[in-house]
Amino acid sequence: METVTLGQNGPAVTPLCIGTWAWGDKLFWNYGDDYGQEELQEAFTAALEAGITFFDTAEIYGMGKSEKFLGQFLQKTQQPVQIATKFGPLPWRFTGQSVSDALTESLKRLQLERIALYQVHWPFAFLLSQETLMNALADEVKRGRIAAVGVSNYSAEQMRDAHQILAARGVPLAVNQVRYSLITRQIESKGIMATARELGVTIFAYSPLAQGLLTGKYTIDSAETPSGARKIDPRFTKEGLQKIAPVISLLRSLGKKYDRTPAQVALNWLIAQGNVIPIAGVKTAQHVRQNAGALGWRLSEDEIKQLEEVSRPWL
């Protein structure tokens, strides 16, 4: 399988990442109701079988459970797997040592000595300055506990600041993890994509299927209704579904041509942007196999342009 290098000289990873927010999370994803540890183990195994060996988690997912599950599953395979996790700059964390301590705890849960990517989960650092935070992360690169540094939800300006602080230490900023899909393209209009390209930063795209909207499962005529917090998301209302209907129609049409699902076409469009890695959240092996269908083929330049044009209302 082809690989993507994180940033300028970070680890080479698979072009699709498995997202593990739902692994242990009850608040948003109802973990324990219709899926549990057995399903997650099967999903992990299915990913490796499909050649996808890159997983994204965070200390806050399931209050550490997501990292713990990954740690347990990693013990059962000899296959090289790369893990990305995230540090939450919470109000009581205001020293460089607090960053190091949080990484230590994440590594314990993951049962690892080193991870491929350590990201700052959000840019609001309360009492922790960006200088202290980025220098602490640079220290950890030098110590060898993380291979690459990333941020998440950073604006173009915030990304540039982080990049500058790290560069002074000889450490590149590898990743900015942001919301990005065909119907959430604000990173293009807000200059985040252009700045990432200028600085050599990889875009890590979370919610690449817009909470399931781009699967084609939810339509005005469908009896399918969203669960959890999506019930109050206006995009799932009749008006919201009418607005995205042209996008879904084109995804279906292209999917028929390539014998792929709308979701697989939507993920392929993101990968085709270049230096963009979608993070596809999964709960089951079936989800993994569905997402893996986005790999191993490519939309034509004309088809990429058609999707770009039909999704311009979301710029």
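Rounded, prolate or oblate: which one fits the stretch 85-184, using the alpha carbon gyration tensor with axes a ≥ b ≥ c (rounded when a/c is under 1.5, else prolate when a/b beats b/c, else oblate)? Taking the square roots of the gyration eigenvalues as a ≥ b ≥ c, the stretch 85-184 is rounded. Per residue, the Cα convex hull of the stretch 109-158 amounts to 94 Å³.
Show me the chymotrypsin sites (Phe, Trp or Tyr not before Pro) within the stretch 256-311 that DSSP assigns to loop and that have at most 14 other Cβ atoms within 10 Å of their Cβ. It would help to have the intermediate numbers written out before the result.
Details: sites: TYR258, TRP269, TRP297; in loops: TRP297.
Loop-located and lightly packed - TRP297.
When only alpha carbons are used to place a centre, the stretch 29-80 and the stretch 1-23 end up 15 Å from one another. Only beta bridges with both residues in the chain are counted; by DSSP, about 10 percent of them are antiparallel. Using a Debye calculation, one point per C-alpha and no hydration shell, please list log10 I(q)/I(0) for the chain at q = 0.11, 0.13, 0.15 Å⁻¹ in order. At q = 0.11, 0.13, 0.15 Å⁻¹ the computed log10 ratios are -0.67, -0.95, -1.27. Estimated from helices alone, the mean residue ellipticity of the chain at 222 nm is -12500 deg cm²/dmol (sum of -39500 (n - 2.57) over DSSP H runs with n ≥ 4, per residue).
Divide the volume of the convex hull around the Cα atoms of the stretch 235-294 by the residue count and you get 106 Å³ per residue. With only Cα atoms counted, the stretch 3-122 has Rg and Dmax values of 14.4, 42 Å. Each Cα pair under 8 Å and six or more residues apart adds its sequence gap; the mean of these over the residue count of the chain is a relative contact order of 21 percent. Kirkwood radius, the stretch 169-240, all distinct C-alpha pairs, inverse of mean reciprocal distance: 14.2 Å. Among the GluC sites (Glu not before Pro) within the stretch 112-215, those in coil by DSSP and having at most 12 neighbouring Cβ atoms inside 10 Å are GLU113.
Only protein atoms count toward the accessible area here, which uses a 1.4 Å probe; on the chain, the carbon and sulfur part of that area reaches 51 percent. With only the Cα atoms considered, the stretch 174-315 has a convex hull volume of 121 Å³ per residue.
The values are calculated or read from the model by the stated rules, or taken from the named source; none is laboratory data. Here the structure is a predicted model, which means the values were calculated and not measured. FYI the Cβ positions are ideal-geometry reconstructions off the backbone, even for glycines, and counts take in every protein chain you see. Surface accessibility is based on the protein's heavy atoms, side chains included, excluding ligands, DNA and RNA. Shrake-Rupley method; radii C 1.70, N 1.55, O 1.52, S 1.80 Å.
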